[in-house]
Amino acid sequence: MPKHTILKRILIWRAKHISQRQFVYMLSILVGFTSGIGAVVLKNLTHFIQHLLEGRLVKYYHTAFYFLFPIVGFTLVHLVIKYVVKGKVSHGIPSTLFSISKRKGIMKRYQMFGSILTAPITIGFGGSVGLEGPSVATGAAISSNIARMFHMNQTTRSLLIGCAAAGALSSIFKAPIAAIIFAIEVFSLDLTIASMLPLLLASLSAILTSYFFLGGDVLLPFRIEDKFTISDVPFYAVLGICSAITSIYFTEIYERIQKLFDRLNSPFKKIVVGGSCIGILVYFIPPLYGEGFAVINNLIAGNPEKALENNFLQMDLTNIWVVIALLAGLVFFKIIASALTFGAGGVGGIFAPTLFMGSIMGNCIAKIINNIGFFKNQVSESNFTLVGMAGLMAGVLHAPLTAIFLIAEVTGGYELFIPLMLTATISFSITKYFNSHSVYTMELGRRGELITHDKDHAVLTLMDIDKVIETNFVPIYQTMDLGQIVHKAVVKSSRNIFPVIDEEFKTLKGIILLDDIRPIMFDQTLYKEVLAMDVMQNPPEIIDLEHDKMVDIMKKFQDSSAWNLPVVQNGKYVGFISKSKLLTAYRRQLINFTKS
């Protein structure tokens, strides 16, 4: 029996026996399961490659392999993308946000396996990025295609993508509540009963999948031993400020290095430059290799010497200030290594680098406070390591609630809730002042293509400009006389506005309103005397398809009080947008957006 016939029968049976809401619940469980499987596969593939390379070649032969691995890895990733995937494999979460905002939640089929094939190679061969982004992208692509297969609408597709994100994070960190909050914060999902239950089901399904395949192993196996005291509040406030400064540094370095690589127009140049730089960094600073969770766990356990034992200068680790200097160096170089990985064509996420830098920064601040000699009370280095992760997540990812609940969940309690809230709030507030968008959203935000919790802005972002452009306006050339205007335009047009364009280059020169020529259009003595350029006027505003987003278009209508505005692309006339058609499209989109 043909595949489409079977699917058709399933859809008919579903429509008769299962309500839409119940079916969404069932799909959310399926999406959570597939996201969990995707995260497990990614993790196991990556660890297998790392064990093969780092555990064998480096351990038994020579550390010089650290220098070679990244170039080999980036070359393999490029070949896989070009000849196997045959499509662009973008950074996980930004590409997922783009699909929601500009592709109506539709993700291409190759995205279901693109990250699975490329992210383990990137990280296994020394790329200094994380698996969280690829896990989210894989789950999101699977959920999008499942939703399309069962003919779900845009709203449901976007919800299921959020379920996939929650499932991926729940599976990786075994933190189901933080995963749900992450989906709501980063993907701007509405917190309603209609969305909450699918998110809960997906998160639960994913964590059960993770327990089934990976047992009780967790990335951050730690339980809080040091209690929070009120005297620590000023120190946690300082940690919040330091987190904000580090977050701003993180974002600036990331963006600048990406711009440098954008200037290299050859993938080969990017691989050589990025791979060589990463190779040098990893050779001299081995803790930068891969995700870095082993380093984080050593710091939490109070063993920084174990994390730093392979320092190339062979410095004395019994000197605390040497340890502090080396830890500060890791914070400084980690984002450089991560940005180089992305620039060279590697595939991964920034979640793990954020946790890595945050943990080391927090540990570093605690060591300085404890050894500077100004304070009587000692602060808990392990607690500062954990809270530092939350501070940097709040600043870099603009996800303070996710940061708070993730650390609270992975530590098995809420003992650190007050310092987590204090540090995350300070970090987020300061960083938001300087960087209005997170690393995930800065590109989309700049282009005006980002879905936010602001419903009006979100609806405008989802609207398709091309669908509201009207082209049934009769153009007039600027050299046409009044007689030609009357017989070739006015008589044939049902509109009362005419674009005046250049005959050769089709560029917009102005507009003529019917009211402009009504007093003279019946005076035949003027038919040869008056030209289009004599009676045309400048439009109150011009809509440029290259630069104007829907929010800009709405503002232009509001500021000009016009009912019709001309549209140009690359300087050439395209058509008009009318306020009435725009508002009708807006109302229709608003209804679809708010449908549960």
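Looking at the stretch 196-243, which of its residues are acidic (Asp, Glu) and open to solvent by 60 Å² or more (accessible area, probe 1.4 Å)? Don't jump to the end; show me each part of the working.
Taking the stretch 196-243 as the starting set, the residues that turn out to be acidic (Asp, Glu) are 217, 225-226, 232.
Listed by number, the residues that qualify are Asp217, Glu225, Asp226.
Of the helices (runs of 4 or more DSSP H) contained entirely in the stretch 298-403, those carrying at least 1 residues that are under 19 Å from the mean Cα position of the chain (by Cα) fall at 320-343, 351-371, 381-396.
Restricting attention to the stretch 214-263, the residues that are assigned to a loop (DSSP other than H, G, I, E, B) and of a type in the set (Lys, Arg) add up to 3.
Per-residue answers, yes or no, for (1) open to solvent by 30 Å² or more (accessible area, probe 1.4 Å); (2) at pLDDT 90 or above; (3) charged (D, E, K, R); (4) within 17 Å of Leu42 (Cβ to Cβ):
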{"site": "Met149", "(1), (2), (3), (4)": "yes, no, no, no"}
{"site": "Asn153", "(1), (2), (3), (4)": "yes, no, no, no"}
{"site": "Ser158", "(1), (2), (3), (4)": "no, no, no, no"}
{"site": "Ala165", "(1), (2), (3), (4)": "no, yes, no, yes"}
{"site": "Pro176", "(1), (2), (3), (4)": "yes, yes, no, no"}
{"site": "Ile180", "(1), (2), (3), (4)": "no, yes, no, no"}
{"site": "Asp190", "(1), (2), (3), (4)": "yes, no, yes, no"}
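Each residue in the stretch 391-431 was checked for being open to solvent by less than 10 Å² (accessible area, probe 1.4 Å) and within 16 Å of Thr251 (Cα to Cα), and 10 of them qualify. Scan the stretch 371-385 and give yes if some residue there is open to solvent by 10 Å² or more (accessible area, probe 1.4 Å), closer than 28 Å to Gln111 by Cβ and not aliphatic (A, V, I, L, M), otherwise no. There is no residue in the stretch 371-385 that is open to solvent by 10 Å² or more (accessible area, probe 1.4 Å), closer than 28 Å to Gln111 by Cβ and not aliphatic (A, V, I, L, M). The residue that is surrounded by the most Cβ atoms within 10 Å (Cβ to Cβ), counting only those in the stretch 7-34 that are under 28 Å from the mean Cα position of the chain (by Cα) and β-branched (Val, Ile, Thr), is Val31. Pairing each residue of the stretch 556-579 that is without any contact (Cβ under 8 Å) to a residue 60 or more places away in the chain with any residue that is exposed (fewer than 14 other Cβ atoms within 10 Å of the Cβ) and in a helix (DSSP H, G or I), provided the two are 6+ apart or on different chains, yields C-beta distances under 8 Å for Trp563/Ser580. Helices (runs of 4 or more DSSP H) fully within the stretch 522-596 that include at least 3 residues being over 14 Å from Phe498 (Cα atoms) and either modelled with pLDDT under 85 or open to solvent by 30 Å² or more (accessible area, probe 1.4 Å) (or both): 550-560, 579-594. For the stretch 249-265, the candidate set comprises residues that are acidic (Asp, Glu) and within 17 Å of the chain's Cα centre (by Cα); within that set, the residue that is farthest from Ala344 (Cα to Cα) is Glu252. The set of residues from the stretch 86-109 being more than 23 Å from Ala339 (Cβ to Cβ) and either modelled with pLDDT of 85 or more or touching a Pro at 6+ places or on another chain (Cβ under 9 Å) (or both) comprises Met107, Lys108, Arg109. Exactly one residue out of Lys492, Lys488 is exposed (fewer than 13 other Cβ atoms within 10 Å of the Cβ), over 30 Å from Arg587 (Cβ atoms), in contact (Cβ under 8 Å) with a residue 12 or more places away in the chain and not hydroxyl-bearing (Ser, Thr, Tyr), and it is Lys492. Applying the criterion of being at pLDDT 85 or above and open to solvent by 40 Å² or more (accessible area, probe 1.4 Å) to the residues of the stretch 449-477, the residue that is nearest to Pro94 (Cα to Cα) is Thr471.
How many residues does the stretch 102-115 hold that are surrounded by fewer than 24 Cβ atoms within 10 Å (Cβ to Cβ) and touching a residue at least 12 places away in the same chain (Cβ under 8 Å)?
Initially, the stretch 102-115 is screened for residues surrounded by fewer than 24 Cβ atoms within 10 Å (Cβ to Cβ), giving 102-104, 106, 108-110, 112-113.
Applying the additional criterion that residues be touching a residue at least 12 places away in the same chain (Cβ under 8 Å) yields 102, 104, 106, 108-110, 112-113.
The number of residues fulfilling the criteria is 8.
Of Thr138, Thr75, Thr118, Thr122, all but one fail to be at pLDDT 85 or above, among the polar types (S, T, N, Q) and either open to solvent by 20 Å² or more (accessible area, probe 1.4 Å) or not in a helix (DSSP H, G or I) (or both); the exception is Thr75.
The values are calculated or read from the model by the stated rules, or taken from the named source; none is laboratory data. Keep in mind it's a predicted model, so treat the numbers as computed, not measured. Using ideal geometry, Cβ is built from the backbone for each residue, glycine included, and neighbour counts are taken over all protein chains shown. Side chains are part of the model used for accessible areas, which takes the heavy atoms of the whole protein and leaves out ligands, DNA and RNA. Shrake-Rupley method; radii C 1.70, N 1.55, O 1.52, S 1.80 Å.
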